[in-house]
Amino acid sequence: MPYASAAVRPPPAKPRLTRVDALPPSRTILGVRVHAATYTSATRLILNWARRGESRMLCATGAHGVIEAQDDPDFRHVLNEADLNVPDGMPLVWGLQHLGVDTAERCYGPDLTLHVCRAAAEAGLPIALYGSSPETLDLLQARLPELAPGLTIACAISPPFRALSAEEDEAFTRQIVASGACIVLVGLGCPKQERWCAAHRGRIPAVMLAVGAAFDFHAGKLAQAPPTMQRLGLEWAFRLAMEPRRLWKRYRRVVPRFLVGFARQMRHERQQKRLGIAPAR
């Protein structure tokens, strides 16, 4: 695919939040700020930013991302600097509820992807796809317009599965900018996709969404957990059963560390409350 020759725009000044852009409440879970966004509130913010051509980033973070951020302060900074960081998994929803946001609910990356694609189709806003394999992108370009009728996919890029040179990255960036896409769905896996969005905020005048496995799910390459398992917070068990060789080490590391870490955080907050110290928000 030939690369476009459009110039990359300079980083825009960070816009002030208007009332319509008011962010949902947030709490810090193991050092990571998480917004209690719903599909409706997140989609509204994304569409508002996209219509104005603002360079923004959204992360859909689960327990895996939080534990990655525990081990890597730079990645924690990336998540905390996101314009919106929604709870992708039930453990984060329960964490928000325990921290006082009773209305918190899951904002699952693959489902948010569909909400955004349908809203973009209705608003006439083109999107771009960045990440995954050429085969997956071909399937996704065929299936997404069926799931979101009227959707325009202006650009689809499958970058090599290695570190890009500065020249390659610049060429892909120019291609996305030249396409006129207002929303970029990024499926590179955590934490690579979040880092990519952070590195390109200000370089691409579009809203970038780090949506994880949404590409494989909507392309029909991976099965999603049944809704009941998702509500019970057991999606990790389903995915482990589907891909044991790839995921067993991740879940062996993530699940116990998240549970123990959050229990310690709650104990610390209870101690602060007994001492009359207001918890940080």
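Taken together, the values in this text are just the output of simple stated rules run on the coordinates, not laboratory data. None of these values were measured; they are calculated from a predicted model. No Cβ is skipped: glycine too gets one built from the backbone with ideal geometry, and neighbour counts run over all protein chains shown.
Values computed for the structure shown
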| item | result |
| --- | --- |
| Summed residue charge, Cβ within 14 Å of residue 86's Cβ, Lys/Arg positive, Asp/Glu negative | 0 |
| Spin-label zone in region 46-89 - amide nitrogen under 17 Å from a point set 7 Å from the Cα of residue 105 along the C-beta vector | 86-89 |
| For region 210-219, 3J(HN,Hα) per residue [Karplus equation, 6.51 cos²θ - 1.76 cosθ + 1.60, θ = phi - 60°, Hz, x = Gly/Pro] | 7, 10, x, 7, 4, 4, 5, 5, 6, 7 |
| Distance from region 115-149 to region 153-170 (C-alpha centre basis), Å | 18 |
| Within-9-Å neighbourhood charge of residue 208 [Cβ basis; K, R +1; D, E -1] | +2 |
| Protection proxy ranking, peptides 36-48, 67-79, 108-120, average beta carbon neighbours within 10 Å, highest first | 108-120, 36-48, 67-79 |
| Cut-off under 5 Å, modelled amide H: who pairs with residue 57 long-range | 83, 84, 208 |
| Built amide H within the under 5 Å cut-off of residue 30, gap 5+ | none |
